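Here's the structure, in structure tokens; my notes come after.
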Amino acid sequence: MLKVIASAFEQGTPYKWIDFPQPNYASSSADMVVNEAGKMVGMSMFNGYSYNERCLLSLGVVGTDVQVGDILTLKWGEPEPTGKTSTEEHKQAEIRVRVAPTPYSSEARENYADSWRTRSS
């Protein structure tokens, strides 16, 4: 199974994708994003695997002082222990993330028609 999953992150033809369940353990997720000093600078509100981009993506918001390319840490999951009955027992993980431009797809950024998504403000 790991070989199948790993193939999605490699160049070339991957194996058929095995769906993961979406981690919708709440009405709306809001996982904290912190800088290297441990200060909260944003929130991740949705994530998933993008076959087109061949990576895991997390859509969220960050403060205006955060720049494209910054390396941050996503605090994935509930703080321990969670009192929520709607989610399984788990540990909170710290995941290294890199801030990407929007739209995240280079195809959309470079080739879509001029719109609010492509204009610099």
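Laboratory data are not the source of any read-out in this text; all were calculated from the coordinates shown. Nothing here was measured: the structure is a model prediction, and the numbers come from that model. Virtual Cβ from ideal backbone geometry, glycine too; neighbours counted across all protein chains shown.
Residues with amide H under 5 Å of residue 46's amide H, sequence separation 5 or more or different chain, H placed in the peptide plane at 1.01 Å from N; which?
Under 5 Å from the amide H of residue 46: 59.
I want to check the label-to-label distance for residue 93 and residue 64. Put each point 7 Å from Cα in the C-beta direction and report it in nm to one decimal.
A separation of 3.4 nm, rounded to one decimal place.
Check residue 70: other-chain or 5+ apart residues with amide H under 5 Å from its amide H, H built from backbone geometry?
99
Apply the Karplus parameterisation 6.51 cos²θ - 1.76 cosθ + 1.60, with θ equal to phi minus 60°, to every residue of the range 96-107 and state each ³J(HN,Hα) to the nearest whole Hz, in sequence, with x for glycine and proline.
Coupling constants for the range 96-107: 6, 10, 10, 5, 10, x, 10, x, 5, 6, 4, 4 Hz.
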